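What follows is calculated from the coordinates using simple rules that are stated; it is not laboratory data. This is a predicted model, so every value here is computed, not measured. Heads up, the Cβs are rebuilt from the backbone with ideal geometry, glycines too, and the neighbour counts pull from every protein chain shown.
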Amino acid sequence: MIISPSVLSMHYDRFNEELSVLNETVEWIHFDVMDGHFVPNLTFGPDILKAFRRNTKLFMDVHLMVTDPDFYSDVFAKAGADSLIFHYEAYNDLEKCSALIDKIHGMYLKAGISIKPATPVETIFPLLEKTDIVLVMSVEPGFGGQKFIPESSEKISKLKAYKTARNLNYIIEVDGGINDTNAHEIVSDGADALVAGSYVFNGDIRTNVAKLRGNKEKDSN
């Protein structure tokens with residue numbers, strides 16, 4: 001299982017300390033980019049990503065919650081992203097989404113597609129043969145600290161069944177309201193990667209990551 005803490009919830013007055021812990025405990029870092037238009041909040045620019053890139057070798061999982069993902073794909077690729085995940089809803093057009101996936105692959109990055117809670121998961125099935133990551137938003141995108149939407153579990157299960165039936169290799173990633181009480185069930189539904197922000201950073205990072213994994217593998221090293 002991949003744990004991808006959302007650094008939107010990081011304590012930036014303790015940047016070096018917390019990043020050092022992440023370097024020892026997780027596989028990915030989830031980087032939320034919001035433009036104030038696609039979602040009402042406004043977050044990080046590329047210079048912040050560059051700062052992370054200089055201080056970590058972790059996989060930089062960049063989630064573009066923006067109205068113009070084509071433009072921002074160039075910006076954050078140059079800043080050090082390892083993957084670029086954009087929203088189907090930015091286009092509501094399969095051909096445009098497919099073209100952006102091809103562009104991201106052309107930059108030698110992993111390409112991901114994300115859907116909001118109201119979007120049926122079947123909408124993106126035609127894209128999945130060429131997609132590396134599918135990000136299921138289990139809360140409304142734009143703000144941290146929300147509760148997991150139960151209907152997301154069905155989406156995860158459908159993605160897992162589609163993946164298995166067609167022998168595909170995309171990573172099923174889930175973002176929103178994940179904690180130690182629901183992580184095991186979400187993984188059982190088919191998730192490969194869990195994004196958690198508030199839960200990871202509110203308290204001891206090592207302990208919280210170990211609880212998400214459901215065991216003490218990180219404590220036993």
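Normalising the average separation of contacting C-alpha pairs (under 8 angstrom, six or more residues apart) by the number of residues puts the relative contact order of the range 1-116 at 21 percent. Bridging of residue 57 to aspartates and glutamates at a Cα separation below 16 Å is possible for 17, 18, 24, 27, 82, once same-chain residues fewer than 8 apart are set aside. For the chain, a simple Cβ point-charge model (Lys and Arg +1, Asp and Glu -1, everything else neutral) yields a dipole of about 400 debye relative to the Cα centre. Ordering 73, 20 from the fewest to the most neighbouring beta carbons within 10 Å gives 20, 73. Taken along the Cα-to-beta-carbon direction at a fixed 7 Å, the label points for residue 71 and residue 96 span 1.3 nm. Taking the Cα centre of the range 32-146 as reference, the dipole from Cβ charges on Lys and Arg (+1) and Asp and Glu (-1) amounts to some 500 debye.
Could you check what % of the DSSP bridge pairs in the chain are antiparallel, to the nearest 5? Before the final figure, lay out each step's value.
Details: 1 of 34 bridges.
DSSP beta bridges in the chain are roughly 5 percent antiparallel.
Dipole orientation for the range 66-159: of the candidates 124, 104, 80, 80 has the Cα lying most toward the positive pole (charges on Cβ; Lys, Arg +1; Asp, Glu -1).
The chain has equivalent-ellipsoid semi-axes of 25, 21, 16 Å, by the square roots of 5 times the alpha carbon gyration tensor eigenvalues, sorted largest first. Beyond 15 Å, the tail of the calculated P(r) for the range 53-125 holds 51 percent of the Cα pairs. Inter-part distance, the range 1-67 to the range 150-205, computed on C-alpha centroids, equals 18 Å.
What order do you get for 167-174, 109-116 when each peptide is scored by the mean count of other beta carbon atoms within 10 Å, highest first?
Working: 167-174: 18.8, 109-116: 21.1.
Those peptides, ordered most packed to least, come out 109-116, 167-174.
With contacts taken as Cα pairs under 8 Å and at least 6 residues apart, the chain reaches a relative contact order of 20 percent.
For the range 89-207, which semi-axes, largest first and in whole Å, follow from the square roots of 5 times the eigenvalues of its Cα gyration tensor? It would help to have the intermediate numbers written out before the result.
Details: eigenvalues 123, 50, 41 Å².
Equivalent-ellipsoid dimensions as semi-axes: 25, 16, 14 Å.
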